[in-house]
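J.: Here it is: the structure, laid out below.
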Amino acid sequence: MHIAEGFLPPAHAIGWTVAAAPFVVHGARCVVKEVREHPEATLLLGAAGAFTFVLSAIKLPSVTGSSSHPTGTGLGAVLFRPPVMALLGTIVLLFQALLLAHGGLTTLGANAFSMAIVGPWVGYGAYRLVTRLGGGLLPAVFAAMALSDLSTYVTTALQLAWAHPDATSGFLGAAAKFLGVFAVTQIPLALAEGLLGVLLFRVLTVNARPELERLGVLRPETGEPASTGAGELR
Amino acid sequence: MTRRHLVTALLVLGIVVLFVVPLVLHAGSSDFAGTDSQATELIEESDPGYTPWFSSVFSPGSSEVESGLFALQAALGGGVLGYALGRLRSRRTTPAAPPAQSGTEAPRP
């Protein structure tokens, strides 16, 4: 989903950077606050960041005959709420822009906006919606992971269509073309990412129960009234 | 095999199927180019007058170096993720001494 270095006109590059910056700054403050108030959450925070780091390095083949990578931002959005991912996702994008020539510094704002802001928020929204509708934790996680991935790519396509409208069919024509490249390729990958997220969450619900209860992802077990308090203390 | 193991196996199978189906569908006929470079080609096609106004500060010298750096990224992420999951798991399987210790640290400002 990276917009290549230099492929956004200066006005767009600056505009997206200005749009993304407050989210990233707010995200950084959320990360610092979380680590300071709940040092034990650092492990899980590291896991969320690392998950995005791994997934965005893996290019997978898709049914369209092209390949693309998952984003992994849904996990952190569900665990720590979306602002945290604004920072973690941007760090991943910065690494790729500086060392891999994927994405770029001038397009960092636009890429951060799609992968580190829109993706996590859409994923979190899907997670809240599914749990509100009584769908249960794992279906909600599946929806969060799959839709944070897909919405990132839809956003990238729209950003490119805005910057490079088609000569004859304008924005809509360009949007259809870029969505054809990004969104269609991404559908099976988003499903795979959803399944992977469910797999990971099943591990976390067993091994990180106190943290998940404190973060409000899991309800404290009714059999142990003390567990909320213990979760707070830890 | 318990129900839990069965669900895990089915999830892994689902991921593998989603990975293998494209390879089978396009066996020999596709190079699986990255969507990033396809988008760049689209821009050059539909907006031929546009010239990129900034280039990467560093580009990997060859595709070998690039795939090595990608492997490094995956290894770093996988290492940290594995470490965190391992720590969480060992905390659960060992007696409750470590949590009690960290509990005394928590109220510190």
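J.: Against the longest principal axis of chain A, how steep is helix A:119-132, in degrees 0 to 90 to the nearest 10, with axes from Cα atoms?
T.: 50
J.: Full extension from B:Ala75 to B:Leu13: what is 0.36 nm times the residue separation minus their Cα-Cα distance, to one decimal in nm? Working shown, then result.
T.: Working: separation 62, 0.36 × 62 = 22.32 nm, distance 2.32 nm.
Residue separation times 0.36 nm, minus the Cα-Cα distance, leaves 20.0 nm.
J.: With each run of n ≥ 4 DSSP H residues scored as -39500 (n - 2.57), what mean residue ellipticity at 222 nm is computed for chain A after dividing by its residue count and rounding to the nearest 500 deg cm²/dmol? Write out the running numbers ahead of the final one.
T.: Numbers: 10 runs with 165 residues, N = 234.
My calculation for chain A gives -23500 deg cm²/dmol from helical runs alone.
J.: Quickly work out the B:Phe54-to-A:Val32 label distance, labels modelled 7 Å from Cα along the C-beta direction, and quote it in nm with one decimal.
T.: Each label point lies 7 Å from its Cα, and together they span 2.5 nm.
J.: Follow-up question, since we're still on this one. Run the helix sum for chain B: -39,500 (n - 2.57) per DSSP H stretch of 4+ residues, divided by residue count, reported at 222 nm to the nearest 500 deg cm²/dmol.
T.: On the way: 4 runs with 75 residues, N = 109.
Calculated at 222 nm, the ellipticity per residue is -23500 deg cm²/dmol.
J.: Which one of A:Gly109, A:Gly74, A:Gly89 has the biggest mean-square fluctuation once chain A is modelled by GNM with Cα springs under 10 Å?
T.: A:Gly109
Here, each number is a calculation from the coordinates, and none is a lab measurement. Since this is a predicted model, take the numbers as computed values, not measurements. Positions of Cβ are generated from backbone atoms using ideal geometry, with glycine treated the same way; all protein chains shown enter the neighbour counts.
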